[in-house]
Amino acid sequence: MRTRLGLVIAFIAALSVLACSGPAATPVAATPTPAAPTPVPATPTPAAPTPNPDAVLVPDSPLTATLSNIYKLNVTSRDPLEIAPEAGYQGDDAHFFPNEADVWWYQHDGMFVALFFGSSVMAGPLCPGTSIQQGDQFLYVTNSAADDGACDHYPFPAAQLAPPPVGATRCGELMILYQSAIPVEGPTGDLQAGALWGALETYEGDVVYGLTAPTDITVDAPELDPTADAYTFTPGSQLEEILAPDETSVACA
């Protein structure tokens, strides 16, 4: 009897264990840890260009002009007074268009100095020139080669080709300095009266292509030595447009 009672009790205990244990737990998958982001290398900051300590600072000038007058001359006579520009000529891709360059005026050793600068037309070959207009006369007319051979086909009197120290000096591709033969002072010792003309010219046989403009002389021009080896510009000056991003100055040939 005791044995049978013991079996009953053991059977009841087993059922209680099964009821309490419930169904087996479903295993939960572990959440993967996200991979650390790959570090992006920092973009190096370009080094600032090193200034040239020997470069001469070019001040802005109050005497300026944009070269807006364009001309094409068919030179059938060596007398400039008999040469008329081709009517209706508006420029072409092989030579010039209006407003592609500027001229700023300075002085040095009592003479006017022209600084030409601008777009790719400045790359040449060019035979620039300067003069002063007083009334209906053009005085102190000179031209000078900024590039080798640029004045070889100069169609006007050879006496107008400037002897040193008058003449052109190329400074990089987009700037030319020109020591003119024009005195700053007139015969009475006062500032010259009239209009300064700066011109960029190139020649093909007896055809002259040019770009020019006048600048009225209203005030003294600032000083600038046109014989320096390199030039730098006032921050924010229009002249800075001719500098490449890695340049702080232009070197002269």
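Listed values, structure above:
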quantity	calculated
Selection within the range 153-171 - outside any strand (DSSP E or B) and either crowded, with 16+ Cβ neighbours inside 10 Å or in contact with a strand residue (DSSP E or B) (Cβ under 8 Å, 6 or more places away or on another chain) (or both)	H153, Y154, P155, F156, Q160, A162, P165, V166
Test: residue in the range 95-104 that is within 16 Å of D216 (Cα to Cα) and not charged (D, E, K, R)	yes
Residue match in the range 133-147 (condition: farther than 23 Å from G194 by Cα and surrounded by fewer than 14 Cβ atoms within 10 Å (Cβ to Cβ))	no
The range 199-231 - residue that is over 19 Å from T64 (Cβ atoms) and polar (S, T, N, Q) and, of those, surrounded by the most Cβ atoms within 10 Å (Cβ to Cβ)	T202
Residue ranges of strands (runs of 3 or more DSSP E) in the range 172-220 with at least 2 members at pLDDT below 95	195-204, 207-216
Test: residue in the range 62-81 that is over 30 Å from P157 (Cβ atoms) and at pLDDT 80 or above	yes
Pair list, Cβ < 7 Å and 6+ apart or interchain, from the range 161-173 residues that are on the phi > 0 side of the Ramachandran plot and in contact (Cβ under 8 Å) with a residue 24 or more places away in the chain to residues that are surrounded by fewer than 18 Cβ atoms within 10 Å (Cβ to Cβ) and in a loop (DSSP other than H, G, I, E, B)	none
Selection within the range 205-219 - under 23 Å from M111 (Cβ atoms) and hydroxyl-bearing (S, T, Y)	T212, T215, T218
Neighbours by Cβ (under 9 Å, 6+ apart or cross-chain): first from the range 221-241, without any contact (Cβ under 8 Å) to a residue 12 or more places away in the chain and farther than 14 Å from C252 by Cβ; second β-branched (V, I, T) and outside any helix (DSSP H, G or I)	E240/T234
Matching residues in the range 183-198 - criterion: being hydrophobic (A, V, I, L, M, F, W, C) and within 21 Å of N69 (Cα to Cα)	A195, L196, W197
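The values are calculated or read from the model by the stated rules, or taken from the named source; none is laboratory data. Because the structure is predicted, anything quoted here is derived from the model rather than measured. Methodologically, a virtual Cβ is constructed for each residue, glycine included, from the backbone with ideal geometry; neighbour enumeration extends over all protein chains shown.
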